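The values are calculated or read from the model by the stated rules, or taken from the named source; none is laboratory data. Just so it is clear, the structure is predicted and the values come from calculations on it, not from any experiment. Cβ placement follows ideal geometry from the backbone for every residue including glycine, while neighbour counts extend to all protein chains displayed.
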Amino acid sequence: MKHETPDIYDLGLAADLQMLQRSPITRRRLLSLGAAGLTSFLTGCALAGTQAGGSDLPLVAGTTAATADTAAGAAACVAEIPQETAGPYPADGSNASNQTLNVLTRSGIVRRDLRSSLSTGNTAAGIPLTLVLTLVDSSRNCAPLAGYAIYAWHCTREGGYSLYSNGLTSEDYLRGVQATDSAGVVTFTTIYPGCYAGRWPHVHFEIYRTLDEATSAANVLHTSQLAFPQDVCERVYATDGYAESVRNLAQISLETDNVFRDGYSSQLATVTGDVTSGYTAQLTIGIEG
């Protein structure tokens, strides 16, 4: 007997009605799952909104909202993130700011929590920020890149950089390295960076093939930067300690920033949270692994 391939565009009226309630982006993601995936999701329409709390994706029996989100998100992929400058304060062994500082060789630099200085024990003040970076291979359907190393660094609440700025040359906080897990993810605990004159609020990062190679800029595979949304920056900078950032942010934009002005869609983090409990910034980073 001949078996016909199910038509993903003819799954019935109920399915059509469910699809019309989804956002255009979600519809595209669901369609990419094929007939089997669509049927599995859409037959759970009776559970949508009750178990998912009004989620844009319906649930099916035996699944959770997170499972549904993961399945739909798997269809989406990101392009390779642009190469960007490491800036004048990388402390990665390269010649920067007329120095060859290298924090990557210091004991303890492989760490999750970046807020304390390894050298002095002092802690950087600021609104708490959890930084979640997911590394994927943009040349292989965004397969997760496990075992790679990401070195991240950024400025203080006041806009200075440890090891370089006046009063901070003895500090090495807000810098750290981690290896990606099996899902390609690293998570850093840090503080929301300030905005200094001439630059949009950002985090620098370098990617290395392994943790063992993350000891010198000579081994870097990819260097880029993460940008923060304006509305979140404005809320953070209205709190104590960020006074200078209010003025500096008002004088710059993503469109005029010398790094992000040529396009920032793949570098703009998704940020959730509040000034009381802190924020979480997430970015999926695509490279050719």
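At-a-glance table
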| read-out | value |
| --- | --- |
| Residue tally, condition surrounded by 16 or more Cβ atoms within 10 Å (Cβ to Cβ) and either within 26 Å of residue 80 (Cα to Cα) or touching a Cys at 6+ places or on another chain (Cβ under 8 Å) (or both), over the range 269-289 | 12 |
| First in the range 261-280 and more than 20 Å from residue 129 (Cα to Cα), second anywhere and outside any strand (DSSP E or B) and among the charged types (D, E, K, R), Cβ under 6 Å, 6 or more apart | 261/255 |
| Meets criteria (outside any loop (DSSP other than H, G, I, E, B), surrounded by 15 or more Cβ atoms within 10 Å (Cβ to Cβ), modelled with pLDDT under 50 and among the small types (Gly, Ala, Ser)) for residue 46 | no |
| Matching entry among 170, 162, 224, 216 (being touching a Gly at 6+ places or on another chain (Cβ under 6 Å), at pLDDT 95 or above, in the same structural domain as residue 258 (by TED's automatic domain parsing) and not basic (Lys, Arg)) | 216 |
| Strands (runs of 3 or more DSSP E) contained in the range 152-271 and holding at least 2 residues farther than 24 Å from residue 76 by Cα and in contact with a strand residue (DSSP E or B) (Cβ under 8 Å, 6 or more places away or on another chain) | 175-179, 185-191, 202-208 |
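Condition check ((1) among the acidic types (Asp, Glu); (2) buried (at least 18 other Cβ atoms within 10 Å of the Cβ); (3) under 18 Å from residue 111 (Cα atoms)) across all residues:
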| residue | (1), (2), (3) |
| --- | --- |
| 171 | yes, yes, yes |
| 180 | no, yes, yes |
| 188 | no, yes, yes |
| 193 | no, yes, no |
| 209 | no, no, yes |
| 228 | no, yes, no |
| 233 | no, yes, no |
| 250 | no, no, no |
| 255 | yes, no, no |
